[in-house]
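The values are calculated or read from the model by the stated rules, or taken from the named source; none is laboratory data. Predicted, not measured: the structure shown is a model, and the values here were computed from it. With ideal geometry, Cβ positions are generated from the backbone for all residues, glycine too; neighbour counts draw on all protein chains shown. SASA here: full protein model, heavy atoms, side chains in, ligands and nucleic acids out. Shrake-Rupley method; radii C 1.70, N 1.55, O 1.52, S 1.80 Å.
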Amino acid sequence: MAPNDPTRREVLMTSLLLSFAAAGAVPLSSASAAQLPRGKVLVAYFSRSGNTRVVAGQVRRALQAELFEIAPKTPYPDDYFETVEQARQETERGYEPPLKERVADIGSYKTVFLGFPIWGTTAPPVIRSFLSAHDLSGKLLIPLITHGGYGLGNSLSVVAEHAPDAQLVEGFSMEAPQERQTIEQVMGWLDALRVQR
C-alpha cells in the first residue's frame, strides 16, 4: 500500500462520519477522524429505549469493533417515570450504581466509543460508573450520544471529569425520539378511546 493510500478503517470511518453528518449529527472533526489509531476498537454503550443501541451497532459494524453493553447490576425499573426519578436521585447524590460486568481487558483497546442517551441534561449515572471502573488513560475516547431534543447538557464535562487521562474528542450526537413523548402519545390515544366508550 502506498504511504498516502487510506486504510480500510480510515475509509470506513470517513463514510461513517459522512452518514452521521448527513443525518444532522455533530461528527468528529476530520483532524480527529484521521487520528484514529491502529489497534483494537471497543464500542461500549448504555441504552434504555434502543436508540443508542442502534447507533452503537452501526459503529461496531462499520469499524469491525467489539461491542460491550453497559448495564447496572440492578436494572433500572421498567416504568419510564420510575427510572427518571431514580436517575434524578442518583445524579443529585453523585451515586454510581454497581455495574453488571466490566470489560475484561480494557487495556487492549486503543479506541473506545462510548454510547449513551442524555438523561436529565447529563450522562446517566451508570456511565459515570463505567468510566470510574475502567482506566481509559491514553485511549481515544469518542462519545456517541442520543438525546430527546434538549442537547448534550453537561454530559461531555461529566465524561471528561471521569476519564481525565483519556483523549476525549468531539463525537457523534443526534436527536432521537424520546420515550416520554411516546408514552404521552400512547396515553393520549388511550384516553381518547376511553372517552368514546
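Okay, here's what the table says:
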| quantity | calculated |
| --- | --- |
| Near-label residues of region 121-151 by backbone N, under 16 Å of a point 7 Å along Cα→Cβ of residue 157 | 121-124, 151 |
| Residue-normalised accessible area of region 74-151, expressed per residue, 1.4 Å probe, Å² | 46 |
| All aspartates and glutamates inside 13 Å of residue 40 as judged from Cα atoms, apart from same-chain residues fewer than 8 positions distant | 66, 105 |
